[in-house]
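The values are calculated or read from the model by the stated rules, or taken from the named source; none is laboratory data. Given the structure is predicted, the values throughout are model-derived calculations rather than measurements. All Cβ positions, glycine included, derive from the backbone under ideal geometry; neighbour counts span all protein chains shown.
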Amino acid sequence: MMDIYKILTKLPHRYPFLLVDRVLDIDKGKTIKALKNVTINEPFFQGHFPYRPVMPGVLMLEALAQAAALLAFDAMDSAATEDKVYYFAGMEGVRFKRPVEPGDQLILEATLLRSKSGIFKFQTRASVDGVVAVEAELTCAFRKIA
């Protein structure tokens with residue numbers, strides 16, 4: 001388990017772009033289960049959409065990538081630093097299955113499929129109340145900033 005204070009030491013993201021509130025479970029180097037509380041106060045809801053607020057799909061993918069980064073950092077006993085960052089490198093098989101709305105708890109799950117030379121591939125899924133909202137295979141790279 002990892003609370004928000006520990007997450008803040010691992011990820012460089014800050015409001016309004018930190019999208020993981022808590023890590024519920026982590027199996028070092030294998031899987032992670034985290035959560036994002038989706039509230040009406042999120043800045044993106046003002047424009048997406050004012051008449052029917054829905055969390056943008058790209059932000060659901062970003063939340064999954066942040067959870068996956070926490071898994072990778074935990075596996076490496078590391079964190080993002082001022083001279084290193086964790087980038088998206090690819091997405092495959094992205095499928096959106098249900099909208100995510102204010103009041104939902106988005107459960108973020110990632111399984112590390114493989115890693116080599118700072119490149120990590122994950123199978124990910126986000127769900128609400130046990131119903132899959134999005135699933136994707138994500139590739140991310142841990143790189144030194146030039």
- With the first residue restricted to the range 1-26 and required to be farther than 21 Å from ASN41 by Cα, and the second required to be among the β-branched types (Val, Ile, Thr) and in a helix (DSSP H, G or I), Cβ contacts under 8 Å at 6 or more apart or on different chains are VAL23/ILE7
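State whether one or more residues within the range 111-123 are free of Cβ contacts under 8 Å to residues at least 60 places away in the same chain, touching a helix residue (DSSP H, G or I) at 6+ places or on another chain (Cβ under 6 Å) and over 25 Å from GLU42 (Cα atoms).
Going through the range 111-123, the residues free of Cβ contacts under 8 Å to residues at least 60 places away in the same chain turn out to be 113-123.
Keeping just the survivors that are touching a helix residue (DSSP H, G or I) at 6+ places or on another chain (Cβ under 6 Å) gives 120, 122.
In the following step, the residues that additionally are over 25 Å from GLU42 (Cα atoms) were identified as 120, 122.
Yes, because at least one residue in the range 111-123 is free of Cβ contacts under 8 Å to residues at least 60 places away in the same chain, touching a helix residue (DSSP H, G or I) at 6+ places or on another chain (Cβ under 6 Å) and over 25 Å from GLU42 (Cα atoms).
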- Message: I need the full set of residues from the range 77-86 which are touching a strand residue (DSSP E or B) at 6+ places or on another chain (Cβ under 9 Å) and loosely packed, with under 13 Cβ neighbours inside 10 Å, in order please.
- Response: ASP83
- Item | Conditions (1) in a helix (DSSP H, G or I); (2) touching an Asp or Glu at 6+ places or on another chain (Cβ under 9 Å); (3) of a type outside the set (Ser, Thr, Tyr); (4) farther than 15 Å from LEU19 by Cβ: number failed by ALA75 | (2)
- Based on what the data block shows, is ALA146 more than 14 Å from the chain's Cα centre (by Cα), aliphatic (A, V, I, L, M) and more than 15 Å from ASP25 (Cα to Cα)? yes
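So that you can scan it fast, the table gives a plain yes or no per residue for (1) out of contact with any strand residue (DSSP E or B) (no Cβ under 9 Å at 6 or more places or on another chain); (2) of a type in the set (Gly, Ala, Ser); (3) modelled with pLDDT under 95:
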{"residue": "TYR15", "(1), (2), (3)": "yes, no, yes"}
{"residue": "ARG22", "(1), (2), (3)": "no, no, no"}
{"residue": "ALA34", "(1), (2), (3)": "no, yes, no"}
{"residue": "VAL58", "(1), (2), (3)": "yes, no, no"}
{"residue": "ALA63", "(1), (2), (3)": "no, yes, no"}
{"residue": "LEU70", "(1), (2), (3)": "no, no, no"}
{"residue": "ASP74", "(1), (2), (3)": "no, no, yes"}
{"residue": "PHE88", "(1), (2), (3)": "no, no, yes"}
- Query: What number of residues within the range 36-58 satisfy the criterion of being charged (D, E, K, R), under 17 Å from the mean Cα position of the chain (by Cα) and assigned to a loop (DSSP other than H, G, I, E, B)?
  - Reply: 1
- Filtered residues of the range 19-73 (kept if under 13 Å from ALA126 (Cβ atoms), hydrophobic (A, V, I, L, M, F, W, C) and touching a helix residue (DSSP H, G or I) at 6+ places or on another chain (Cβ under 8 Å)): LEU19, VAL20, ILE32, ALA34, MET55, LEU59
- Item | Selection within the range 98-146 - farther than 19 Å from ALA34 by Cβ and surrounded by fewer than 13 Cβ atoms within 10 Å (Cβ to Cβ) | ARG114, LYS116, SER117, LYS144, ILE145, ALA146
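Go through LEU108, LEU61, LEU70 for me and flag whichever is under 11 Å from ALA133 (Cα atoms), assigned to a helix (DSSP H, G or I) and either in contact (Cβ under 8 Å) with a residue 12 or more places away in the chain or among the hydrophobic types (A, V, I, L, M, F, W, C) (or both). Steps first, answer last, please.
Numbers: LEU108 fails: assigned to a helix (DSSP H, G or I); LEU70 fails: under 11 Å from ALA133 (Cα atoms).
Just one listed residue meets the conditions, LEU61.
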- Evaluation of SER117 against (1) of a type outside the set (A, V, I, L, M); (2) at pLDDT 95 or above; (3) farther than 26 Å from LYS6 by Cβ (one fails), failing number: (2)
